[in-house]
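Student: Sharing a structure with you now.
No value in this document is a laboratory result; all are computed from the given coordinates. The structure displayed is predicted, hence computed values, not measured ones. Here Cβ is always computed from backbone atoms with ideal geometry, including for glycine, and neighbour counts include all displayed protein chains.
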């Protein structure tokens, strides 16, 4: 029997398949190209889907025309031209193609979804930041407007108020300039060894710093009344003071080392001790201790200094070499008395006169050095650009360091200073005695010793800085040194003469022995030797 046409088979297809094919035919073509490979599809689909880039319409066309079929997607025409098996094959191809497209979309979404989330989060944060920046700008605008109103004087239309406001700004600039220039001025003063000037400038800078940051009752310093907030608007003030504050230790250290100079004058020593007294608030007895301690170190350095004395000029060289030692001792005692005790010519001490001048500005005696007649105005006048400092208020230009009244009255200090000086003189003599043996060992004759003795006695009698008891003690010590060296020279000379006499006597006896035996043999008869032999 002949096979009937497959119309029955075509009619038996489900209506859902025809509906799906009609919907696929109505889809618009996609512009995105995708690549199909054997990894994205199953094993069965790899033989139907070649590894090449195609569009959806192209894949449908290739699916419908594997054997030359038309690309008409009309279901009726499709079922009329193809058998059931062919329609099912076309359906399977379309399903595989759709699954491949879905898999590719899933991969693309899986890879890019995190980036999309991060991008959306960043967009939200940027939007919030933009809002915050906008609010900050608006706040700055409001603050600037309020500060601009506060900066203006309350009665700016009045000429007198404008002058007061200008004067306040000039005073502020003078304060700032002094604080900014202080490090350079301090370095220059330290290099010139003007330690009292440096200490005074440091104290003045501290007062200026406090005037800038701390509100006071002075009208010139009330910059806040004009809308000027120095701590907030000028943070440089605090940073500059941090730099200036480091000079305190440097000035005190340099002033302490300066006391070791063996050619130190009374005025220089007084200035250095005043520096320690003002910067570190040391009591005067403590400054005396520091002064004597540094002088001891200077004397020790002089005693330990190496020297060489030529033969034949030992007396003059030794006296010249010992000059700095004896001068250091006498100058130390004389300087200490001049500074702390006074003398016969000046009943008051130099330190008391200077402290009294600083506290009261009363005219000091004529014998007080001009370098110690020191005020803030003289300091400002000695600095470069001193005209700018004329705008400083009167309380700054008239600044005086605090001086305790008990410090000026030196009657309580006299006993302590005398005891310290006596102890120092005794210790200095002991240290000097240890080095005298090496000095006097260079003297080989009594003439040289006595020449040195006479020179030292003359210097002690005419020397300044030593009182009568100290002169007697020093003279007695010199006598003991010279007598000791004289005895050593006599002993060495006697020992040398004794040794020479013994050697000469021995050589004389040895040379004369032969001639004596010869004379005896000539005077004795010839029989005498026989008798002697028996």
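Student: Of the listed peptides 196-206, 392-402, what is their order by residue-averaged count of other C-beta atoms within 10 Å, with the highest listed first?
Tutor: With the highest mean Cβ count within 10 Å placed first, the list reads 196-206, 392-402.
Student: Using a Förster radius of 41 Å, what is the FRET efficiency between residue 434 and residue 238 based on their Cβ-Cβ separation? Nearest 0.05, please.
Tutor: 0.15
Student: Right, next: Could you list 288, 84, 237, 143 so that the one with the fewest beta carbons within 10 Å of its beta carbon is first and the one with the most is last?
Tutor: Numbers: 288 23, 84 14, 237 19, 143 10.
Fewest-to-most Cβ neighbours within 10 Å comes out as 143, 84, 237, 288.
Student: Any idea how far apart residue 77 and residue 265 come out in nm if each label point goes 7 Å out from Cα toward Cβ?
Tutor: Between residue 77 and residue 265, the simple spin-label model gives 12.7 nm.
Student: Determine by what factor the alpha-carbon radius of gyration of the stretch 74-130 differs from 2.2 N^0.38 Å, reporting the quotient.
Tutor: 2.17
Student: A further question on this structure: Quick one: length gained pulling residue 144 to residue 300 fully straight, 0.36 nm per residue minus the C-alpha distance?
Tutor: Value of the extension gain: 49.4 nm.
Student: Hey, another quick one. Using r as the Cβ-Cβ distance of residue 418 and residue 476, and R0 as 22 Å, what FRET efficiency do you calculate, to the nearest 0.05? Before the final figure, lay out each step's value.
Tutor: On the way: r = 20 Å, r/R0 = 0.92.
Given R0 = 22 Å and the Cβ-Cβ separation, E is 0.60.
Student: What length, rounded to one decimal in nm, is gained on full extension from residue 382 through to residue 99, with 0.36 nm per residue of separation minus their alpha-carbon distance?
Tutor: Computed gain between residue 382 and residue 99 is 92.2 nm.
Student: In what order do 195, 357 fall by count of nearby beta-carbon atoms within 10 Å, going from fewest to most?
Tutor: Sorted ascending by nearby Cβ count, the order is 357, 195.
Student: Sticking with this structure for a sec: What FRET efficiency, computed as 1/(1 + (r/R0)^6) with R0 = 56 Å and r the Cβ-Cβ distance, is obtained for residue 348 and residue 493, rounded to the nearest 0.05?
Tutor: It comes out at approximately 0.50.
Student: Follow-up question, since we're still on this one. Going by how many other Cβ atoms sit within 10 Å of their own, how do 335, 293 line up, fewest first?
Tutor: Least to most surrounded, the residues fall as 293, 335.
Student: For residue 427 paired with residue 457, estimate the spin-label separation in nm (one decimal), with each label point 7 Å from Cα along the Cα-to-Cβ line.
Tutor: In this crude label model, residue 427 to residue 457 measures out at 3.2 nm.
Student: Okay, moving on. Residue 124 to residue 246: extension gain in nm, 0.36 nm per residue of separation minus the Cα-Cα distance? It would help to have the intermediate numbers written out before the result.
Tutor: Values: separation 122, 0.36 × 122 = 43.92 nm, distance 5.15 nm.
Result: 38.8 nm gained on full extension.
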